[in-house]
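Asks: Dumping the structure here so I can ask a few things about it.
The values are calculated or read from the model by the stated rules, or taken from the named source; none is laboratory data. These figures come from a predicted structure and were not determined experimentally. Cβ placement follows ideal geometry from the backbone for every residue including glycine, while neighbour counts extend to all protein chains displayed.
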Amino acid sequence: MKPRAWVLILVPALGLGAFSIWKARAVAHELTDPPFYQPQPLPRVEATYADLAKGADGDPGGTWAVRDVEGLRLWTLTRPTRSPGIVLMLHGFGDDRWGTSPALKWFPRLDAAIFTYLRRDDALRQGGRKPFITFGALESQEVVRAVHALEAQGWPRNRIHLMGRSLGASVGLLALAKLEAEGRGPLAGFIWEGAPLGSRDFAEQLIRGPEDRAWHLLAPPIGALAARWAASRGGYRIEETDPRHALRNLQLTTPTLCFLATQDRLAPTSGQRLLLGSFQTKRVVEVPTWHLNCSQVLGPGYAQAIREFTDAGPKKSGDPKAP
């Protein structure tokens, strides 16, 4: 082969290889340390929580308390009247307890609890070691501990709801598999929207982008490399982030409400339906949008669907209010 021919082959191959490594590295860093995430200043967080405590527009507000339990800082909002249950809200990718806290307005009849995975917001504000996001591997273990903490406070398991959107949905599914494996019965319910199918799939979808780009055929190998890179940085196994792996051969007894975003590329419909197959009792609300936009598209119907689902929970027996 002539030298010129070698050049025509090697130069594009080297360029393609360099692009693949650069893209994989960028996605791996985004998976473990999203560059767009910046924790809000504490005064702003405190002001938001104070406003939520006052209540408005049909939300009764309540009283905040904070407890440090098993390495977590768990915030709880107690409603002014007796509540039949409590919802533990799980934040999504590149978010924290402040960003997710307004979602408690969708549960005006329930107490609420919330925390930031790995206490990442506190670590970043204090300038300490920055915990890497592990895409559910460690975060799901914290959710299990948070549920145990609520049980220790007096909440029966069948009166504890989980809600997660985006990565929070995947974290919730991973935690739910662990909780039901304990053999202590179902939770009251799990409300979710747009669960990524693990770090490898999410990396691939990030590379594909909102529409197929010129390099979308390279998304699977680059996504796989990015996921392995991220797992090495975060110290976890890729399988620990995949709810399909966690739910394999399981039939969950916790009822679920899924807002199924039918135009979602980051959490494709086919994968969401596969996850739904692991639930014995389910309600699905299809919405023609991407995940995280379901509430805007449905408007008041979003909160109504949640209220109907939570109201259909366990029948009241005795005093359901935790001490």
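Asks: Could you run through the range 96-125 and say how many residues are in contact with a helix residue (DSSP H, G or I) (Cβ under 8 Å, 6 or more places away or on another chain) and among the acidic types (Asp, Glu)?
Replies: 2
Every residue, every condition in (1) in contact with a helix residue (DSSP H, G or I) (Cβ under 9 Å, 6 or more places away or on another chain); (2) surrounded by fewer than 22 Cβ atoms within 10 Å (Cβ to Cβ), yes or no:
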residue	(1), (2)
Val144	yes, yes
Gln153	no, yes
His161	yes, no
Arg165	yes, no
Gly172	yes, no
Ala177	yes, yes
Ile191	yes, no
Phe202	yes, no
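Asks: For the range 91-137, which residues satisfy the criterion of being assigned to a loop (DSSP other than H, G, I, E, B), touching an Asp or Glu at 6+ places or on another chain (Cβ under 8 Å), crowded, with 21+ Cβ neighbours inside 10 Å and not small (Gly, Ala, Ser)?
Replies: Selection gives Asp96, Phe115, Thr116, Ile133, Thr134.
Asks: Read through the list (1) farther than 26 Å from Val147 by Cβ; (2) among the aromatic types (Phe, Trp, Tyr); (3) at pLDDT 95 or above, then give the number of the only condition that Trp215 fails.
Replies: (3)
Asks: Need pairs with beta-carbon distance below 7 Å; first residue within 16 Å of Phe135 (Cα to Cα) and buried (at least 16 other Cβ atoms within 10 Å of the Cβ) and within the range 24-49, second among the charged types (D, E, K, R) and modelled with pLDDT of 95 or more; sequence gap 6+ or separate chains.
Replies: Ala28/Arg233; Thr32/Arg233
Asks: Can you confirm whether Val297 is more than 30 Å from Gln153 (Cβ to Cβ), modelled with pLDDT of 95 or more and outside any helix (DSSP H, G or I)?
Replies: On the way: more than 30 Å from Gln153 (Cβ to Cβ): yes; modelled with pLDDT of 95 or more: yes; outside any helix (DSSP H, G or I): no.
No; evaluated as a whole, the condition is false for this residue.
Asks: Do you know which residues across the range 232-256 are part of a helix (DSSP H, G or I), of a type outside the set (Asp, Glu) and within 18 Å of the chain's Cα centre (by Cα)?
Replies: Initial filter on the range 232-256 (part of a helix (DSSP H, G or I)): 232-234, 238-241, 243-247.
Of the ones still in play, those that are also of a type outside the set (Asp, Glu) are 232-234, 238, 241, 243-247.
Scanning the range 232-256 gives Gly234, Ile238, Thr241, Pro243, Arg244, His245, Ala246, Leu247.
Asks: Somewhere in the range 68-77, is a residue under 20 Å from the mean Cα position of the chain (by Cα), acidic (Asp, Glu) and either surrounded by fewer than 20 Cβ atoms within 10 Å (Cβ to Cβ) or part of a strand (DSSP E or B) (or both)?
Replies: Within the range 68-77, not a single residue is under 20 Å from the mean Cα position of the chain (by Cα), acidic (Asp, Glu) and either surrounded by fewer than 20 Cβ atoms within 10 Å (Cβ to Cβ) or part of a strand (DSSP E or B) (or both).
Asks: Could you list all residues from the range 227-259 that are closer than 23 Å to Val284 by Cα, in contact (Cβ under 8 Å) with a residue 60 or more places away in the chain and surrounded by 16 or more Cβ atoms within 10 Å (Cβ to Cβ)?
Replies: Quick first cut of the range 227-259, residues closer than 23 Å to Val284 by Cα only: 242-259.
Cutting the leftovers down to in contact (Cβ under 8 Å) with a residue 60 or more places away in the chain gives us 243, 246-247, 250, 252-259.
Residues satisfying the conditions are Pro243, Ala246, Leu247, Leu252, Thr254, Pro255, Thr256, Leu257, Cys258, Phe259.
Asks: Separate question: Taking Thr256, is it at pLDDT 95 or above and under 21 Å from Phe107 (Cα atoms)?
Replies: Values: at pLDDT 95 or above: yes; under 21 Å from Phe107 (Cα atoms): yes.
Yes.
Asks: Still on this structure, please answer the following. Considering only the range 164-192, how many residues are farther than 15 Å from Leu150 by Cβ and touching an Asp or Glu at 6+ places or on another chain (Cβ under 9 Å)?
Replies: Adding up the residues that qualify gives 9.
Asks: Sticking with this structure for a sec: Looking at the range 72-88, which of its residues are touching a Ser or Thr at 6+ places or on another chain (Cβ under 8 Å) and closer than 13 Å to Thr310 by Cβ?
Replies: Gly85, Ile86, Val87 - these are the residues of the range 72-88 that are touching a Ser or Thr at 6+ places or on another chain (Cβ under 8 Å) and closer than 13 Å to Thr310 by Cβ.
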